[in-house]
Amino acid sequence: MKIAVVADDLTSATDGGIAFAKAGHPTMVALDLSNLATANQWDVLSIDTDSRIRPQEEAVQRVYDAVFRLRDRDLLYKTVDSTIRGHLAGELRAALQASGRRAAIFAPAFPEAGRITRGGHQLLNGIGISATPFASDPLHPVRTDNITSILSAGGESVAVLDRHSAGRRDVLEMALRVHSTLVVDAETPSDLRAMVHAVPEPRDVVWIGSPGLARALAQAFRGGASPPKRSRSRRVMIAIGSTNPVSRNQLAHLSPLVDQTVTIDSESASVAPEDAAREAVASLDPNGRMETVVVTSTLSGSWISREWAPRVAESIAVAVRILHESAPYDGFILTGGDTAVKVARTLGTTGIVLESELSAGIPIGAFEGPTRARVITKAGGFGDSATLIAALKHLIGERTTKESVA
């Protein structure tokens, strides 16, 4: 079986593909559409359209192009953020039109991460998304948690199926005849699995959801391959571009295990990304240890802008490249989708081969290209206070102090 995953940023592409890798499908995350001839050999091809931070018109076109190129695959899975950020209505319509499928099933619940869908509304830990910090997201503020109202604005015929009806084949079959989009309630992983099994013709729909739906699909359509085994990393770079408070809290807990931290001045980076990166790297202690290094910025969620964010991410990527060229790193932890893709590209990476998962929504893989390092990617809001520590320990082989890394 050939499966396509189309995602709007790199962390979504990796956490959208990892469920299939764990289920026995060789899985490649491609950074763009330029190498599809080579990438098509993989059972699962996950494409990063890099569209979440783009203006809507450009984002929609990128999704259309990706889905159109992959429309002949057996399953088409379009990822969305489980906090319903992004260009949801426009990208859904583009995916449907490009795919040639008759309808879309929209199931953004990710119960393992506290994100559920109830009555067509998206909740985080029991609270409507629009009443959480995601309501003030600087790039994609969530104004409503009513999914139907968001998708209907794009002109689609939308119906909501409660979690019990969604598990009934007769109900799903009738709804798919009448509506172009079904929003599916789900509060547990078993809700999503029941719905997947109940869909009469899985190849005739565009599946749209978060890692929760990817897991349900992967369990229903399993492969037979084993993931590759990799050796531990000796030098690890952690690039943190996300301004989400969860990531900043994780960094605070990680700091005692880090040799040095490169902090890029965001205002300088917004004007001259490369100069800001070089200035920040130059401030490091030349005699200090460099086996475990963090690269981050002064950017905070309270004053980020759509213009500044990509430049700051670019500056972080430049700093990573400078440090890597000086003394190569064989392990990377990347937080924030825009930062992750810019770091990958500046290292010459063509893709990421997915292997396993640190925890829900936090995939582990290895770069394809001149840098064959291991890599862990993480969306800004995923994980708990110890997640970055766990990621570092995994890469270096369960050691817990920076003195034991050498």
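The values are calculated or read from the model by the stated rules, or taken from the named source; none is laboratory data. Being a predicted model, the structure only gives us computed values, none of them experimental. No Cβ is skipped: glycine too gets one built from the backbone with ideal geometry, and neighbour counts run over all protein chains shown.
Any residue at all in the range 357-372 that's surrounded by fewer than 22 Cβ atoms within 10 Å (Cβ to Cβ), within 26 Å of Ser283 (Cα to Cα) and in contact with an Asp or Glu (Cβ under 8 Å, 6 or more places away or on another chain)?
no
What is the residue count in the range 126-140 for residues that are free of Cβ contacts under 8 Å to residues at least 24 places away in the same chain and under 20 Å from the mean Cα position of the chain (by Cα)? Even if it seems obvious, please write down each step before you answer.
Taking the range 126-140 and keeping what is free of Cβ contacts under 8 Å to residues at least 24 places away in the same chain, we get 126-128, 130-131, 135.
Next, from what is left, pick out any that are under 20 Å from the mean Cα position of the chain (by Cα): 135.
The qualifying residues number 1.
Report yes if some residue within the range 201-208 is over 21 Å from the mean Cα position of the chain (by Cα) and of a type outside the set (D, E, K, R); otherwise report no. It would help to see each step written out before you state the result.
From the range 201-208, those over 21 Å from the mean Cα position of the chain (by Cα) are 201-205; that's our starting set.
Narrowing further to those that are of a type outside the set (D, E, K, R): 202, 205.
So far as the range 201-208 goes, yes, one or more of its residues are over 21 Å from the mean Cα position of the chain (by Cα) and of a type outside the set (D, E, K, R).
Could you please find all residues in the range 140-179 being closer than 19 Å to Leu92 by Cα and part of a loop (DSSP other than H, G, I, E, B)?
Once the filter is applied, which keeps residues that are closer than 19 Å to Leu92 by Cα and part of a loop (DSSP other than H, G, I, E, B), the range 140-179 yields His140, Pro141, Val142, Arg143, Thr144, Asp145, Ala153, Gly154, Gly155, Glu156, Ser157, His179.
If only one of Arg193, Arg289, Arg215, Arg232 is within 24 Å of the chain's Cα centre (by Cα) and surrounded by fewer than 16 Cβ atoms within 10 Å (Cβ to Cβ), which one is it? Let's see the steps before the verdict.
Values: Arg193 fails: surrounded by fewer than 16 Cβ atoms within 10 Å (Cβ to Cβ); Arg289 fails: within 24 Å of the chain's Cα centre (by Cα); Arg215 fails: surrounded by fewer than 16 Cβ atoms within 10 Å (Cβ to Cβ).
Sole residue among the options that is within 24 Å of the chain's Cα centre (by Cα) and surrounded by fewer than 16 Cβ atoms within 10 Å (Cβ to Cβ): Arg232.
In the range 60-78, what residues are hydroxyl-bearing (Ser, Thr, Tyr) and either surrounded by fewer than 23 Cβ atoms within 10 Å (Cβ to Cβ) or modelled with pLDDT under 95 (or both)?
Within the range 60-78, the first condition is being hydroxyl-bearing (Ser, Thr, Tyr), and the residues that meet it are 64, 77.
If the condition is that a residue be hydroxyl-bearing (Ser, Thr, Tyr) and either surrounded by fewer than 23 Cβ atoms within 10 Å (Cβ to Cβ) or modelled with pLDDT under 95 (or both), then Tyr64 is the only one that fits.
Run down Ala166, Ala159 and say which single residue is closer than 24 Å to Ala19 by Cβ and outside the structural domain of Pro363 (by TED's automatic domain parsing). Break it down into steps so the answer makes sense when it comes.
Values: Ala159 fails: closer than 24 Å to Ala19 by Cβ.
Unique residue meeting the criteria: Ala166.
Quick one: in the range 196-207, which of the residues that are over 15 Å from Arg73 (Cα atoms) and modelled with pLDDT of 95 or more is surrounded by the fewest Cβ atoms within 10 Å (Cβ to Cβ)?
His197
Quick one: would you say Ile84 is buried (at least 20 other Cβ atoms within 10 Å of the Cβ), in the same structural domain as His197 (by TED's automatic domain parsing) and at positive phi?
Judged against the criteria, Ile84 is a match.
Quick check, is Ala269 more than 20 Å from the chain's Cα centre (by Cα), without any contact (Cβ under 8 Å) to a residue 60 or more places away in the chain, outside any strand (DSSP E or B) and closer than 30 Å to Phe332 by Cβ?
yes
Could you please find all residues in the range 365-383 being touching a residue at least 60 places away in the same chain (Cβ under 8 Å) and closer than 21 Å to Thr296 by Cβ? Write out each step before concluding.
Of the residues in the range 365-383, the ones touching a residue at least 60 places away in the same chain (Cβ under 8 Å) are 365-366, 368, 373-374, 377-383.
Passing the criteria: Ala373, Arg374, Thr377, Lys378, Ala379, Gly380, Gly381, Phe382, Gly383.
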